[in-house]
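Read through the structure below, which is laid out as structure tokens, and then see the notes.
The values are calculated or read from the model by the stated rules, or taken from the named source; none is laboratory data. Every value quoted in this text rests on a predicted model; they were computed, and no experiment measured them. Positions of Cβ are generated from backbone atoms using ideal geometry, with glycine treated the same way; all protein chains shown enter the neighbour counts. To get the accessible areas, we keep the full protein, side chains included, count just its heavy atoms, and leave off ligands, DNA and RNA. Shrake-Rupley method; radii C 1.70, N 1.55, O 1.52, S 1.80 Å.
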Amino acid sequence: MLIAIAGRDGGEFGELPLDEIRKEIARFGPAALFVDVRAVTVAAPSVSDAWTAFFAANRATISRVRILVGSKLLQLVVALSKEASRTGDMIQIDDEPERFQAALAREAAPERPAPRGPSRP
């Protein structure tokens, strides 16, 4: 699941973004979550608190989270949320778009069936 957030996130939408994620997880089951926040200029403390609570409450239904940040301040906010949610290595923070995109591409790639029988040149 890919989510992009841009601009000033003052919490105007409340829990709506998180509710949409919950709906998708309910429809499709456990998911990997990719969040692109590199274009966020300001995030209110209430937003960070809501995401922290969401991560903590949904450890069983989210297989992994990758968050792409664009500033050191947002990187710190996300790192604090990661620590406060006690999710361990479930959350990874990227500051390089290429690494984030590569991880997203790996997640989206269809699984190849395992080869059967002896391989041939």
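Round to the nearest 0.05 the FRET efficiency obtained for Phe13 and Leu76 when R0 = 25 Å and r is the Cβ-Cβ distance. Mind showing how you got there, number by number?
Details: r = 23 Å, r/R0 = 0.92.
That gives a FRET efficiency of 0.65.
Just the ratio, please: alpha-carbon radius of gyration of region 1-75 over 2.2 N^0.38 Å, N its number of residues. Before the final figure, lay out each step's value.
On the way: Rg = 12.1 Å, N = 75, 2.2 N^0.38 = 11.3 Å.
That works out to 1.07 for region 1-75.
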request  = With a 1.4 Å probe and every protein chain left in place, work out the accessible area per residue of the chain in Å², rounded to a whole number.
outcome  = 67 Å²
message = Within region 1-111, what whole-number % of the accessible surface is contributed by carbon and sulfur, with the 1.4 Å probe and all protein chains included in the calculation?
response = 57 percent
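Work out how much length Asp49 to Phe28 would gain on full extension: take 0.36 nm times their residue separation and subtract the Cα-Cα distance, in nm to one decimal.
On the way: separation 21, 0.36 × 21 = 7.56 nm, distance 2.57 nm.
Answer, rounded to one decimal: 5.0 nm.
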request  = Would you kindly state how much longer the chain becomes between Met1 and Gln101 on full extension, computed as 0.36 nm times their sequence separation minus their alpha carbon distance, in nm to one decimal?
outcome  = 34.7 nm
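Loop only by DSSP, 16 or fewer other Cβ within 10 Å of the Cβ. Give me the trypsin sites (Lys or Arg not before Pro) in region 9-87 that pass, ordered by residue number. List each step's numbers first, then the result.
Working: sites: Arg22, Lys23, Arg27, Arg38, Arg59, Arg64, Arg66, Lys72, Lys82, Arg86; in loops: Arg59, Arg86.
When the trypsin sites (Lys or Arg not before Pro) of region 9-87 are filtered for loop state and at most 16 Cβ neighbours within 10 Å, Arg59, Arg86 remain.
Which whole-number percent gives the relative contact order of region 2-121, counting Cα pairs below 8 Å spaced six or more residues apart? Don't skip to the end; give the middle numbers.
Values: 146 pairs, mean separation 30.4, N = 120.
Relative contact order, region 2-121: 25 percent.
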Mean ellipticity per residue at 222 nm, deg cm²/dmol - from DSSP H runs of n ≥ 4 across the chain, formula -39500 (n - 2.57) = -13500 deg cm²/dmol
